[in-house]
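Asks: Before anything else, here's the structure in question.
The values are calculated or read from the model by the stated rules, or taken from the named source; none is laboratory data. What you see is a predicted model, and the numbers here were worked out from it, not measured in a lab. Every residue, glycine as well, gets a Cβ built from its backbone with ideal geometry; the counts of neighbours run over all protein chains shown. For accessibility, only protein heavy atoms count, side chains too; no ligands or nucleic acids. Shrake-Rupley method; radii C 1.70, N 1.55, O 1.52, S 1.80 Å.
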Amino acid sequence: MMFENIRKIICDQLEIDEDKVTLETTFEELGADSLDLFQVIVEIEEAYDVQLEDAEKIKTVKDAVDYVNEKLAAK
């Protein structure tokens, strides 16, 4: 469920098809630059009411999913 929600955010922000995004997909593979990644992170933060302080550590979609799960578990 978390993956599907985050994938939708990524696809909406980067204007790409959902079938191009897996857990192993890197943001670099998606053609995301630093501004794109920032926009994705802002949307994820708003959707889940979390703060992603270590955004530079998020390289793959799985990194984003794991980080949000970690933040939510700590609440």
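Asks: In the Gaussian network model of the chain, springs joining C-alpha atoms below 10 Å, which of I41, I58, I16 carries the largest mean-square fluctuation?
Replies: Of I41, I58, I16, the most mobile in the Gaussian network model is I16.
Asks: Highest GNM mean-square fluctuation, the chain, Cα pairs closer than 10 Å: which of D54, D17, D33?
Replies: Most flexible of the set in this elastic network: D54.
Asks: Which percent of the accessible area of the stretch 2-74 is formed by carbon and sulfur heavy atoms (probe 1.4 angstrom)?
Replies: The computed percentage sits at 47.
Asks: Using Cα atoms only, what is the angle between the long axis of helix 61-73 and the major principal axis of the chain, expressed in degrees (0 to 90) to the nearest 10?
Replies: Once rounded, one gets 20 degrees.
Asks: With runs of 4+ DSSP H residues as the only contributors, calculate the mean residue ellipticity of the chain at 222 nm using -39,500 (n - 2.57) per run, divided by the residue total and rounded to the nearest 500.
Replies: That calculation yields -17500 deg cm²/dmol at 222 nm.
Asks: Still on this structure, please answer the following. Per residue, how many Å² of accessible area does the stretch 2-74 show with a 1.4 Å probe?
Replies: 61 Å²
Asks: Helix 2-14 versus the longest principal axis of the chain: what is the Cα-based angle in degrees, 0 to 90, to the nearest 10?
Replies: It works out to around 50 degrees.
Asks: Oh, and also: Report the number of Lys pairs in the chain whose alpha-carbons are under 23 Å apart, with separation of 8 or more residues or on distinct chains.
Replies: Number of lysine pairs found: 13.
Asks: Next up: Loop-only check: which GluC sites (Glu not before Pro) in the stretch 6-75 are DSSP coil with at most 15 other Cβ within 10 angstrom?
Replies: E15, E24, E28, E29, E53
Asks: Where in the stretch 5-26 does the label zone of N69 land, with the point 7 angstrom along Cα→C-beta and an amide N cut-off under 19 Å?
Replies: 5-10, 21-26
Asks: Can you tell me the orientation of helix 34-48 relative to the chain, as the angle in degrees between its alpha-carbon axis and the longest Cα principal axis, to the nearest 10?
Replies: 40 degrees
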